[in-house]
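Notes follow the structure.
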């Protein structure tokens, strides 16, 4: 089953990529999320690690966590797999 990025998250990702104030982490995750919005692409291992770190961080912004959640949910790795 292929998961796809919702229109709402894709819109947030697009705005993040064009934002001058967005962090490098936000832009990395946003690029991956946006690439998955209309394709069968999945989250790369590199972006998945970045996104997982953002989800675990207490200092990540709400937007970062939303984008990260979308990216991680579209990973092909199974929970607990390294």
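Just to be sure before I move on: is residue 34 in contact (Cβ under 8 Å) with a residue 12 or more places away in the chain, more than 9 Å from the chain's Cα centre (by Cα) and in a helix (DSSP H, G or I) in the structure I sent?
Working: in contact (Cβ under 8 Å) with a residue 12 or more places away in the chain: yes; more than 9 Å from the chain's Cα centre (by Cα): no; in a helix (DSSP H, G or I): yes.
It is false that residue 34 is in contact (Cβ under 8 Å) with a residue 12 or more places away in the chain, more than 9 Å from the chain's Cα centre (by Cα) and in a helix (DSSP H, G or I).
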*Looking only at region 58-73, and only at residues there that are out of contact with any helix residue (DSSP H, G or I) (no Cβ under 8 Å at 6 or more places or on another chain) and outside any helix (DSSP H, G or I), the one that is farthest from residue 28 (Cα to Cα)*: 58
_Only one of 29, 50 that is touching a residue at least 12 places away in the same chain (Cβ under 8 Å), in a helix (DSSP H, G or I), in contact with a helix residue (DSSP H, G or I) (Cβ under 6 Å, 6 or more places away or on another chain) and closer than 20 Å to residue 8 by Cα_ = 29
*Taking region 17-31 on its own, how many of its residues are closer than 18 Å to residue 65 by Cβ and more than 11 Å from the chain's Cα centre (by Cα)?*
6
_Odd one out for residue 13 among (1) within 23 Å of residue 76 (Cβ to Cβ); (2) outside any helix (DSSP H, G or I)_ = (2)
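Each value in this text was obtained by applying a stated rule to the coordinates, not by laboratory testing. Since we're looking at a predicted model, the values are computed, not measured. Glycine also receives a Cβ, built like all others from the backbone with ideal geometry; neighbour counts cover every protein chain displayed.
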